[in-house]
1. Can you pull out the residues in region 297-324 that are part of a loop (DSSP other than H, G, I, E, B) and under 29 Å from His399 (Cα atoms)?
2. Being open to solvent by 40 Å² or more (accessible area, probe 1.4 Å) and charged (D, E, K, R) is the filter here; which residues of region 44-72 pass it?
3. So, in region 362-401, exactly how many residues are touching a Gly at 6+ places or on another chain (Cβ under 7 Å), over 22 Å from Gly341 (Cα atoms) and open to solvent by 20 Å² or more (accessible area, probe 1.4 Å)?
4. Inside region 334-357, can you point out the residues that are over 25 Å from Ser396 (Cβ atoms) and surrounded by fewer than 16 Cβ atoms within 10 Å (Cβ to Cβ)?
5. Which numbered condition in (1) more than 27 Å from the chain's Cα centre (by Cα); (2) at pLDDT 95 or above is the only one that His249 fails?
6. Just need a number here: residues in region 370-423 that are at pLDDT below 95 and among the hydroxyl-bearing types (Ser, Thr, Tyr).
7. For Glu38, indicate whether it is under 27 Å from Met218 (Cα atoms), among the acidic types (Asp, Glu), outside any loop (DSSP other than H, G, I, E, B) and open to solvent by 60 Å² or more (accessible area, probe 1.4 Å).
8. Kindly list the number of the only condition in (1) under 14 Å from Thr258 (Cα atoms); (2) open to solvent by less than 30 Å² (accessible area, probe 1.4 Å); (3) in contact with a Gly (Cβ under 6 Å, 6 or more places away or on another chain) that fails for Thr304.
Amino acid sequence: MATEVVMPKLGADMQEGKIVRWLKKEGDPVKKGEIIAEVETDKADIEMEAYASGVLRKILTPAGQVAPVGTPVAVIADEGEDVSALVAGRAPEAAAVPAAAPAPKAAAPAPARDEGGAPGRVKASPLARKLARARGVDLRLVQGSGPGGRVVRADIEQAAAAAPAAAVTAPRPAVAPPRPAPAPAPPAAPAIPAVAAAAAAGEAIPLTPIRRAIATRMVQSKAPVPHFYLTLDADMTRAQELRASLNAHDESLKLSFTDILLKACALTLPKHPYVNASFAGDKIQFHREVHVGIAVALEDGLITPVLRDVDKKGLPEIARAARDLAERARNRKMKAEELSGATFTISNLGMFGIEEFSAIIVPPEAAILAVGAIQQVPTAEEGRVAVRPRMRMTLSCDHRVIDGATGARFLADLKKLLEAPYPLLL
């Protein structure tokens with residue numbers, strides 16, 4: 001039975017999505033649940049699954065085009081099944097294939113084969129091969145990021161932009177002599193030269209989807225949500241000792257202070273239900289779960305992937321999950337369910353040396369914790385001065401939900417836990 005693949009709603013605020021690339025081409029067999037395309041939303045690039053098994057009969061929204069949520073972007077059907085009714089009037093402008101006819105064999109790209117007769121098979125999409133030939137990129141030197149290590153368009157563009165000396169070569173009839181593999185470029189590196197060039201020339205650049213979403217949502221938050229702020233600092237001596245001890249015990253753990261904060265907040269939030277809550281019009285919605293958003297800086301904006309049920313996880317599990325989440329967020333490889341549903345958010349700028357700052361609440365959450373750098377601070381202790389590592393924390397509160405004393409009690413309990421952190425191990 002023919003099935004329309006529609007632009008999915010991959011977030012509460014998502015109105016439209018851009019097809020970054022199709023991982024299948026017309027005529028390819030697909031299985032239900034298989035990743036067939038990547039979609040750019042206002043938060044990240046998200047993988048889109050096939051809704052049914054069959055053959056990808058028609059792509060209605062080519063790569064690079066935007067489609068509103070719910071709009072059909074492709075058709076999956078059995079081979080030879082009449083899909084003309086679903087395709088009629090929805091074919092892309094560039095479509096030249098008769099709608100009712102099965103995909104003509106002559107139009108299908110040739111099967112992937114070795115590039116330039118190299119001994120190892122190079123897995124690459126037809127578009128990547130075409131782009132590689134156009135830009136003189138040697139496929140054998142490109143590390144593929146697609147399924148099964150397949151080289152896709154983005155890999156070619158990155159190789160051409162980031163490592164022209166190593167990956168971009170003139171066509172050679174013989175096998176090229178071995179040379180060092182090109183160093184992998186940071187995911188956002190291609191955007192840097194363009195931004196730097198625009199900045200140097202005093203030009204304007206269009207808003208990215210993420211930057212547009214930030215501009216919209218922060219106004220929606222800051223304007224109607226009555227913020228107030230509470231700041232407290234904590235002695236991090238014991239927390240530093242705990243972190244050092246656990247990392248020494250397991251070098252692969254790489255426990256960070258953000259991980260410790262995640263666990264400390266997760267244990268403190270259930271004791272302060274108004275902080276783990278949301279303003280919902282004529283009511284306050286308390287949350288049984290503790291899902292914590294982690295602010296992650298990207299090259300062109302900021303997103304807050306969500307770590308779920310943090311209160312039920314141990315420190316090692318939190319450390320590994322948070323690191324995986326942050327890495328995939330920076331590489332735009334998020335799942336839809338990882339981008340929404342936070343009940344509280346942490347934003348840590350301590351790694352940049354920021355001593356103290358105030359963050360804007362992510363609606364509909366009632367609070368967000370802004371964390372500064374740990375600094376060596378002279379402190380009065382029993383009548384004498386001692387130097388201690390101290391960290392300043394600022395809680396932004398929605399005054400419709402949280403009063404000053406409510407927020408202050410939460411911060412005081414969080415400080416107490418960070419200064420005597422061994423319950424975090426339980």
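1. Thr304, Pro305, Arg308, Asp309
2. Glu47, Glu49
3. Selection size over region 362-401: 2.
4. Within region 334-357, Lys335, Glu337 meet the criteria.
5. Every listed condition holds for His249 apart from (2).
6. Residues flagged as at pLDDT below 95 and among the hydroxyl-bearing types (Ser, Thr, Tyr) within region 370-423 amount to 2.
7. Answer is no for this residue.
8. (2)
The values are calculated or read from the model by the stated rules, or taken from the named source; none is laboratory data. Model, not experiment: these values are computed from the prediction. Glycine gets a Cβ as well: all are built from the backbone with ideal geometry, and neighbour counts include every protein chain shown. Heads up: the accessible areas ignore ligands, DNA and RNA and are worked out on the full protein's heavy atoms, side chains in. Shrake-Rupley method; radii C 1.70, N 1.55, O 1.52, S 1.80 Å.
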